[in-house]
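Before anything else, here's the structure in question.
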Amino acid sequence: MRRRFAVPAALLAVLIVTVGATASSLVLRALPALDGDVRLLGLDERVEIVRDGWGVPHVYARNAHDLFFAQGFATAQDRLFQMDLNRRVGLGRLSEVLGEAALETDRYLRTVGLHRVAAAAVERMDPETRAAAEAYAAGVNAFIAGHADTLPLEFVILGYRPEPWTPLASLVIGKLQALDLDGNYTSELLRAAIVQRLGEAALATLVPDDPRPAALDDGAWPAVLAARFTPEAAASPGLDALHGFLDDGAGALGSNCWAVAKGKSGKPLFAGDPHLAPRNPAVWYEIALEGAGYKIAGFSFPGLPGIVIGHNDRIAWSFTVAYIDTQDLFVEQQDPTDFRRYLFRGSYERATVVREEIRVKGRADPVTLDVTITRHGPIITPVLKGQNAQLALRWTALEPLVGLDSILALDRARDWSSYRAALAAFPGPTVTGCYADADGHIGWSHTGVLPVRAKGDGRMPVPGWTGEHEWTGFVPPAQHPFVLDPPEGWLVSANDRLVKDAASPTYAGEWDPGYRAARIASILGTLKAPDADAFRAIQTDSASAPVATYREAILAAQPRSARALQAQTIVRSWDGTLATDSAAAAITEAWLMRMADRTLRDKLGDALYADYQGGRWLVRALTLLLARPNDPWFTALAEGEGRGRDELAARALDDATKDLTGRLGTDMTTWRWGGLHTITFEHQLSVAKPLNLLFDIGPLPRAGDGYSVNQAAYRLAKPFTLRNHASERMIVDFGDLDASLSVIPTGQSGQPFSRHWGDQTPLWASGQLHPMGFTRERLQKVEGTLVLRPH
């Protein structure tokens, strides 16, 4: 019997070894050349690409064309598939290579129309920006041309070759970042569904993002009430699928940045860590550029020339998301005799209809899609669930603005004045820019394209036919709030509302409640001349202010079982730290999920609660409610299910212990927060098992939660895997720029089996950083020097 199975087992072993060897061979052939002398068409002069010990390319060129050419070449060496896939996302052309699985994503993107507005922006490029984009594209194409038979493994698996790169590809990837960070229209639909079910008064409790009264007094709501915003209206099959390529749609993007005017060296010390959804390869590609007036190190978006976040020899900067409303939904009224006409100020006007053809792998004929565009933007109703009203999306990102000119100007900025001038052309999304310079100045400024509304503030859908809620223009950049050299000698931005004047154009918005900002400020206020180690400790701080409120509610409950009593005892002896080895942290976070369910699901109903769980407000709303033990919201609608915070908290503790027993076992003393709370850097192709074994990195245990400085948010609807993280960390020391530090969560390479595939993950996970090389003579380790020469 054993002999009969021996041959198949041996054959299986040989097959596994053969497949593994073949895959390894394909991957290794595609790894970039680090040393050598290469002649390429399109170069003007000799260029050097020096890679340091972390695989970061340092490009040295004598003119701008060659500098961006080499940037495109080096980036393609490491991230070509990521670049191509993101290009396809933005263009709505994923189905060509992924088939039916990507069709809804393409429908969504073709409807929104990032590709249309990017094409219009290409025609508006100034000569310098166009030259940079064309040079970058030429560098990417030089790499593609020379490696047609040694492409990264993903191209082999999917069976296609990348098309030539173009400036349009760069601009559409830039627009894609706005889609990644903006998403207010889903909040509008969620608010509308809440009001329809529970009335206006419920917004004050459930949507605690604005200190102004929640009354909808601009006249818009009564006019659009007949639209009937169903709970599922905020959902979209295409948007849901898109979250596999961008953020997960859970509304928890963020970022931290801070600076002190005088660090240990006597010069400014600066830190930044943008928060985005986990991805693999990493969102950012670190690179240094020197030549033709540029001397800069930092982080680029693969596919775009220049550096988005970083420092040159004079200034440093980073960004945090500014939750200012840049999207509005207009409810349109169609002409009943001609559905391509829409009412506006008493008469019908014809909309533009664009025919989109989507080629789908495996289909002989393309899928056609007619997109209707009114004066307010594309009608997105066909790509929403459960919504019949004609909804047009007005969005600042659909303006044909270039954006690259702002990035390149920022890379060359020398002081606060030129930095502000560069940001004046920034086309969005709205962000807060943090700044420090070699002369000792620090500051922050809001930037992005901010709409001016004739009426209302954009929090709810508005009627498109009256003309009363039109956008009348955009806020002039000179009116964007800023602070230079604050008297405290330090500054913090962590997505919190920095402007306190309600009349400010940046006051309204869905701002973070400010727990992270308060924590950072409390630490900075105690530090005297901090160094990089002090800043690193802040970046990895996992304290979470709301935890004290959760703990108080758990301890006030009367346990209903021996297991619940044991859990309460563990929480009682806990110091509130969300460490990976903490059983109390696991109990508290599991209780939070169940307490939210006990408190809100029956009021909202299953469908609306599912939408609400995916938004940004649930945890904040519940935290505020927990401070009011007798609030009417703590009433279970089902008979006999309890009344009051403490009764619901006891039931939620029972729920949590049962949940954790199933997840972590029966021995409560062995429960660990890190056993629940993990991060996995998933590749886009890993949904096809078992490719995840090759392409994914993780899972890794993580401390903290969504309100920790060390961002570790998870989605209550999908506990407890991280949906948000520090997508890079940077610390810049103007006392010695070569002492600056950086890290990304995975590695420079997008190719498995590269030494720089995941090599930074242990550093990132442990809160460490590596030297951020700047001066060529002081690079700590040189891994290789590739010389590019004109052919």
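The values are calculated or read from the model by the stated rules, or taken from the named source; none is laboratory data. These numbers come from a predicted model, not from an experiment. Note that we place each Cβ from the backbone using ideal geometry, even for glycine, and neighbour counts take in every protein chain shown. SASA here: full protein model, heavy atoms, side chains in, ligands and nucleic acids out. Shrake-Rupley method; radii C 1.70, N 1.55, O 1.52, S 1.80 Å.
If I go through segment 406-423 residue by residue, how many of them are open to solvent by less than 50 Å² (accessible area, probe 1.4 Å) and either of a type in the set (A, V, I, L, M, F, W, C) or touching an Asp or Glu at 6+ places or on another chain (Cβ under 7 Å) (or both)?
Residues meeting the conditions: 8.
Same structure again: Would you please name the residue that is surrounded by the most Cβ atoms within 10 Å (Cβ to Cβ), looking only at residues in segment 143-172 that are under 17 Å from Leu91 (Cβ atoms) and not hydrophobic (A, V, I, L, M, F, W, C)?
The residue in question is Ser170.
Does Ser406 satisfy being without any contact (Cβ under 8 Å) to a residue 60 or more places away in the chain and under 22 Å from the mean Cα position of the chain (by Cα)?
Yes, satisfied.
Still on this structure, I have one more. Having 3 or more residues that are open to solvent by less than 10 Å² (accessible area, probe 1.4 Å) is the bar; report the strands (runs of 3 or more DSSP E) wholly within segment 295-372 that clear it.
309-312, 315-321, 327-332
Is it the case that segment 303-320 has a residue that's hydroxyl-bearing (Ser, Thr, Tyr) and closer than 16 Å to Asn256 by Cβ?
Yes, segment 303-320 contains at least one residue that is hydroxyl-bearing (Ser, Thr, Tyr) and closer than 16 Å to Asn256 by Cβ.
Still on this structure: How many residues are open to solvent by less than 20 Å² (accessible area, probe 1.4 Å) and out of contact with any strand residue (DSSP E or B) (no Cβ under 9 Å at 6 or more places or on another chain) if we restrict to segment 577-598?
Selection size over segment 577-598: 11.
Quick one: is Leu608 open to solvent by 60 Å² or more (accessible area, probe 1.4 Å) and part of a helix (DSSP H, G or I)?
Values: open to solvent by 60 Å² or more (accessible area, probe 1.4 Å): no; part of a helix (DSSP H, G or I): yes.
In short, no.
Moving to a separate point now. Need the failing condition index for Thr105 against (1) within 27 Å of Glu286 (Cα to Cα); (2) open to solvent by less than 10 Å² (accessible area, probe 1.4 Å), just the number.
All conditions pass for Thr105, except number (1).
Looking at Gly403, Gly473, Gly433, which is the one that is touching a Gly at 6+ places or on another chain (Cβ under 9 Å) and on the phi > 0 side of the Ramachandran plot?
Working: Gly473 fails: touching a Gly at 6+ places or on another chain (Cβ under 9 Å); Gly433 fails: on the phi > 0 side of the Ramachandran plot.
Selected residue: Gly403, the only one of Gly403, Gly473, Gly433 that is touching a Gly at 6+ places or on another chain (Cβ under 9 Å) and on the phi > 0 side of the Ramachandran plot.
Could you tell me whether any residue of segment 680-703 is in contact with a His (Cβ under 6 Å, 6 or more places away or on another chain) and hydrophobic (A, V, I, L, M, F, W, C)?
Checked against the condition, which is being in contact with a His (Cβ under 6 Å, 6 or more places away or on another chain) and hydrophobic (A, V, I, L, M, F, W, C), segment 680-703 yields at least one hit.
Of a type in the set (D, E, K, R) and buried (at least 18 other Cβ atoms within 10 Å of the Cβ): is that true of Asp667 in this structure?
Against the criterion (of a type in the set (D, E, K, R) and buried (at least 18 other Cβ atoms within 10 Å of the Cβ)), Asp667 does not qualify.
Being open to solvent by 40 Å² or more (accessible area, probe 1.4 Å) and in a loop (DSSP other than H, G, I, E, B) is the filter; apply it to segment 728-756 and report the residue that is farthest from His441 (Cα to Cα).
Among those residues, the one meeting the criterion is Phe753.
Now, a different point. Considering only segment 52-65, I want to know if a residue exists there that is touching a helix residue (DSSP H, G or I) at 6+ places or on another chain (Cβ under 8 Å), modelled with pLDDT of 95 or more and part of a helix (DSSP H, G or I). Working first, answer last.
First, the residues of segment 52-65 that are touching a helix residue (DSSP H, G or I) at 6+ places or on another chain (Cβ under 8 Å): 55, 57-61, 64-65.
When the remaining residues are screened for being modelled with pLDDT of 95 or more, the result is 55, 57-61, 64-65.
Imposing the further condition that a residue be part of a helix (DSSP H, G or I) reduces the set to 64-65.
Looking for residues that are touching a helix residue (DSSP H, G or I) at 6+ places or on another chain (Cβ under 8 Å), modelled with pLDDT of 95 or more and part of a helix (DSSP H, G or I), one finds at least one in segment 52-65, hence yes.
Which ones in segment 757-791 are under 28 Å from Thr680 (Cβ atoms), in a loop (DSSP other than H, G, I, E, B) and aromatic (Phe, Trp, Tyr)?
Scanning segment 757-791 gives a single hit, Trp757.
Does Ala397 meet the test of being closer than 30 Å to Arg350 by Cα, of a type outside the set (Asp, Glu) and part of a helix (DSSP H, G or I)?
yes
Per-residue answers, yes or no, for (1) part of a loop (DSSP other than H, G, I, E, B); (2) open to solvent by less than 20 Å² (accessible area, probe 1.4 Å); (3) closer than 19 Å to Ile570 by Cα:
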{"residue": "Asp602", "(1), (2), (3)": "no, no, no"}
{"residue": "Arg620", "(1), (2), (3)": "no, no, no"}
{"residue": "Arg628", "(1), (2), (3)": "yes, no, no"}
{"residue": "Asp631", "(1), (2), (3)": "yes, no, no"}
{"residue": "Glu639", "(1), (2), (3)": "yes, no, no"}
{"residue": "Ala650", "(1), (2), (3)": "no, yes, yes"}
{"residue": "Thr661", "(1), (2), (3)": "no, no, yes"}
{"residue": "Gly675", "(1), (2), (3)": "no, no, yes"}
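Looking at (1) in a loop (DSSP other than H, G, I, E, B); (2) open to solvent by 20 Å² or more (accessible area, probe 1.4 Å); (3) closer than 24 Å to Arg88 by Cβ, find the lone condition where Gly386 falls short.
(3)
Could you check, for segment 682-692, whether at least one of its residues is modelled with pLDDT of 95 or more and within 25 Å of Thr320 (Cα to Cα)?
No, segment 682-692 has no match at all.
Could you grab me the full set of residues in segment 185-204 that are open to solvent by 20 Å² or more (accessible area, probe 1.4 Å) and in a helix (DSSP H, G or I)? Write out each step before concluding.
Of all residues in segment 185-204, those open to solvent by 20 Å² or more (accessible area, probe 1.4 Å) come to 186, 196-201, 204.
Once the filter is applied, which keeps residues that are open to solvent by 20 Å² or more (accessible area, probe 1.4 Å) and in a helix (DSSP H, G or I), segment 185-204 yields Thr186, Gln196, Arg197, Leu198, Ala204.
Inside segment 501-592, counting only helices (runs of 4 or more DSSP H) that do not spill past its ends, which hold 1 or more residues that are among the acidic types (Asp, Glu) and touching a residue at least 12 places away in the same chain (Cβ under 8 Å)?
547-556
I need the full set of residues from segment 682-710 which are surrounded by fewer than 22 Cβ atoms within 10 Å (Cβ to Cβ), under 30 Å from Gly576 (Cβ atoms) and of a type in the set (A, V, I, L, M, F, W, C), in order please.
Leu700
If you go through segment 408-420, how many residues are within 13 Å of Gly448 (Cα to Cα) and either among the polar types (S, T, N, Q) or at pLDDT below 95 (or both)?
Selection size over segment 408-420: 0.
Being surrounded by fewer than 20 Cβ atoms within 10 Å (Cβ to Cβ) and either in contact with a helix residue (DSSP H, G or I) (Cβ under 7 Å, 6 or more places away or on another chain) or at pLDDT 95 or above (or both) is the requirement here; does Ala70 meet it?
In short, no.
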